[in-house]
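Asker: Pasting a structure below so you can have a look.
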Amino acid sequence: MFKVKLTLKKSEYLKYLEAIKPEVTETFGRSKVSLEEDASNIYIIIDAPDASSLRASVSSITRVLNVTKKIMEEDVW
């Protein structure tokens, strides 16, 4: 089993994570994704059965987060 914990500053990424929370908390292929937080950080935890599943999940999550951040920064809403 492989595991990665992505750490994001809560003050910087909270609004972006709120927007993608339903997407992030789902299962990505064979990987399981969960969110945890403390006073200053939000953690995206990915558990995968193999390295290729882990890589794909990290890539998918970071891509979704990046696109969401770019859209929200455009201030078109």
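Derivation of every value follows stated rules applied to the coordinates shown; laboratory data play no part. What you see is a predicted model, and the numbers here were worked out from it, not measured in a lab. Quick reminder, even Gly has a Cβ in these numbers, built from the backbone with ideal geometry, and neighbours come from all protein chains shown.
Asker: Pull out all pairs, ordered by first then second residue, where Cβ-Cβ is under 6 Å, the residues are six or more apart or on different chains, the first lies in the stretch 4-23 and is without any contact (Cβ under 8 Å) to a residue 24 or more places away in the chain, and the second is among the aliphatic types (A, V, I, L, M).
Answerer: Matching pairs, first to second residue: none at all.
Asker: Something else now. Report every pair of residues separated by at least 6 positions or lying on different chains whose Cβ atoms are under 8 Å apart, first residue within the stretch 44-61 and within 10 Å of Val4 (Cβ to Cβ), second surrounded by fewer than 17 Cβ atoms within 10 Å (Cβ to Cβ) and of a type in the set (Asp, Glu).
Answerer: Ile45/Glu36
Asker: Return the residues of the stretch 1-28 that are loosely packed, with under 14 Cβ neighbours inside 10 Å and out of contact with any strand residue (DSSP E or B) (no Cβ under 8 Å at 6 or more places or on another chain); say none if nothing qualifies.
Answerer: Ser11, Glu12, Lys15, Glu18, Pro22
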